[in-house]
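A.B. asks: Attaching a single structure in structure tokens format; questions to follow.
The values are calculated or read from the model by the stated rules, or taken from the named source; none is laboratory data. Predicted model, so just to flag it, every value in this text is computed and none were measured. With ideal geometry, Cβ positions are generated from the backbone for all residues, glycine too; neighbour counts draw on all protein chains shown. Calculation scope for accessible area: heavy atoms of the full protein, side chains included, ligands and nucleic acids excluded. Shrake-Rupley method; radii C 1.70, N 1.55, O 1.52, S 1.80 Å.
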Amino acid sequence: MQAVEQDINQLIEGCLANDRKAQHGLYHQFYGFAMKIALRYSRDEHDAADILSQAFIKVFKSIRTFDPSKGSFHAWLKRIVVNEGLDHIKGRYRFSENVELETVAEPTINNSVLEEMGAEEIMEIIKKLPPATHAVFVLYAVEGYNHREIAHQLGISEGTSKWHLSEARKTLQKQIQYLRTG
Amino acid sequence: MNQKLTYEQTIAGKLEILPLPDMEAAIWKRIEFQLDIDMPSEGDVDATQPPRLPKPGPLMLGAISIVFLTALLVYSILTKEQTTTKKITHPTTAPFIVPKKEDPDPPPFGKKVQQPSQSMKTGITPTLRQLDSNSYAQPTIIPPDSNALIKDRGDVIIIPPAAAKKDSEPNIKKKKGVSGLTDEDYRIEPRKKDSLP
């Protein structure tokens with residue numbers, strides 16, 4: 001683990017000197033990690049490729065702003081990829097402020113059904129969500145952000161973020177039931 | 001609402017094992033292409049880019065300066081020549097036409113050597129036809145009562161009237177008024193009352 005960290009530090013040093021080999025090495029090292037994040041915010045592989053390429057270009061351009069004392073390179077890269085993914089969603093969808101939600105009865109989803117499903121199958125259901133609902137659900141359920149953070153990230157209110165999460169849960173429940181019964 | 005549900009944890013876990021698309025090389029090419037444009041590295045020479053010209057050294061700068069100065073000199077000479085030509089060929093007033101001084105055998109006084117052209121006889125000046133804005137047809141403007149003799153265009157020179165006056169005309173004072181009339185003729189005298197009817 002320590003050797004890997006040392007390698008990463010060396011690659012970052014090379015990237016600071018605008019060394020193309022070091023940049024390729026860093027990209028190769030984090031391709032899987034970053035691609036998984038990009039796929040969560042995209043409709044297909046091509047969308048994910050767009051998100052990933054833009055994110056890495058930002059990484060190499062702003063590598064000087066990375067401060068190891070503030071956090072790991074993983075966390076820094078993840079934030080850049082998530083932001084790029086959200087920008088991608090914002091580019092094709094305007095987030096509405098007309099909907100608010102304070103309290104709602106949570107829909108019940110059979111976890112055992114989900115356990116039987118494959119990752120790709122689950123991802124296909126998530127992709128069918130409207131873009132804003134999709135973004136809020138991934139940020140909340142997968143990335144672990146709270147509603148205040150999501151509201152800040154997307155420029156919406158906390159109530160709107162909650163409404164999108166509720167809509168995502170309802171839709172997922174319906175979709176999973178439909179898949180299992182149908 | 002603010003708590004992660006069990007199925008959401010399951011979804012998060014499943015998405016972690018999502019198979020990756022085999023696009024690593026293709027995406028890197030896009031990144032590299034963009035990086036070559038935005039932040040080219042020192043060692044890289046892009047084959048798609050045209051070769052860069054060498055930086056101009058002192059010799060190159062000297063040669064460029066010489067060429068520039070030569071062009072400037074040629075241009076100024078040509079401009080000067082054009083200005084001189086214009087001064088000669090475009091007099092502002094009607095020119096006098098006199099025979100060349102160095103004519104070896106000037107015609108004797110009173111003897112007609114050559115008949116004036118038709119235009120001279122009739123007093124009609126030839127019509128000027130302008131071909132374009134840069135070239136002018138040089139008119140031969142001759143006053144109807146001119147006694148000047150025209151032998152050939154090559155044998156005459158054109159002198160501006162001001163210059164010609166100085167050389168060829170004596171300074172003769174013209175008489176004022178009409179001949180035959182005196183100041184007495186202009187005097188107005190009131191009529192006598194007796195003369196009224």
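A.B. asks: Which residues, taken from the stretch B:17-53, are more than 19 Å from A:HIS24 (Cβ to Cβ) and either facing chain A (nearest Cβ under 7 Å) or at pLDDT 85 or above (or both)? First the steps, then the outcome.
C.D. replies: Here is the first cut: in the stretch B:17-53, the ones more than 19 Å from A:HIS24 (Cβ to Cβ) are B:17-19, B:49-53.
Matches in the stretch B:17-53: B:ILE17, B:LEU18, B:PRO19.
A.B. asks: Take the residues in the stretch A:47-76 that are more than 13 Å from chain B (Cβ to nearest Cβ) and assigned to a helix (DSSP H, G or I); name whichever of them is most open to solvent (accessible area, probe 1.4 Å). Full working, then the answer.
C.D. replies: So in the stretch A:47-76, the residues more than 13 Å from chain B (Cβ to nearest Cβ) come out as A:65-76.
Remaining after also requiring assigned to a helix (DSSP H, G or I): A:65, A:73-76.
Numbers: A:THR65: 98, A:PHE73: 12, A:HIS74: 69, A:ALA75: 50, A:TRP76: 27 Å².
This residue is A:THR65.
A.B. asks: Still on this model: Report those helices (runs of 4 or more DSSP H) wholly inside the stretch A:122-182 carrying at least 1 residues which are touching a His at 6+ places or on another chain (Cβ under 6 Å). It would help to see each step written out before you state the result.
C.D. replies: On the way: elements: A:131-137, A:147-154, A:158-181.
Per the criteria, A:131-137, A:158-181.
A.B. asks: Condition first: more than 23 Å from A:TRP163 (Cβ to Cβ), at pLDDT 90 or above and open to solvent by 70 Å² or more (accessible area, probe 1.4 Å). Can you find one or more residues in the stretch A:77-92 that meet it? Give the derivation first.
C.D. replies: Step one: of the stretch A:77-92, the residues more than 23 Å from A:TRP163 (Cβ to Cβ) are A:77-81, A:84.
Those left that are additionally at pLDDT 90 or above: A:77-81, A:84.
In the following step, the residues that additionally are open to solvent by 70 Å² or more (accessible area, probe 1.4 Å) were identified as A:79.
Yes, the stretch A:77-92 contains a residue that is more than 23 Å from A:TRP163 (Cβ to Cβ), at pLDDT 90 or above and open to solvent by 70 Å² or more (accessible area, probe 1.4 Å).
A.B. asks: Right, here's the next one. Got a sec? Which of B:THR83, B:THR10 is open to solvent by less than 90 Å² (accessible area, probe 1.4 Å), modelled with pLDDT under 90, assigned to a helix (DSSP H, G or I) and more than 8 Å from chain A (Cβ to nearest Cβ)? If you could, list the steps in order and put the result at the bottom.
C.D. replies: Numbers: B:THR10 fails: more than 8 Å from chain A (Cβ to nearest Cβ).
Of the residues listed, the single one that is open to solvent by less than 90 Å² (accessible area, probe 1.4 Å), modelled with pLDDT under 90, assigned to a helix (DSSP H, G or I) and more than 8 Å from chain A (Cβ to nearest Cβ) is B:THR83.
A.B. asks: Filter the stretch A:128-152 for residues that are away from chain B (no Cβ under 11 Å), open to solvent by less than 50 Å² (accessible area, probe 1.4 Å) and of a type in the set (D, E, K, R) and give the result.
C.D. replies: Scanning the stretch A:128-152 gives no hits.
A.B. asks: How many residues are part of a helix (DSSP H, G or I) and surrounded by 15 or more Cβ atoms within 10 Å (Cβ to Cβ) when one looks only at the stretch A:2-45? Write out each step before concluding.
C.D. replies: Applying the first criterion (part of a helix (DSSP H, G or I)) to the stretch A:2-45 yields A:2-16, A:20-40, A:45.
Then keep just the ones that are surrounded by 15 or more Cβ atoms within 10 Å (Cβ to Cβ); that gives A:8, A:11-12, A:14-15, A:20, A:22-27, A:29-31, A:34-40, A:45.
Qualifying residue count for the region: 23.
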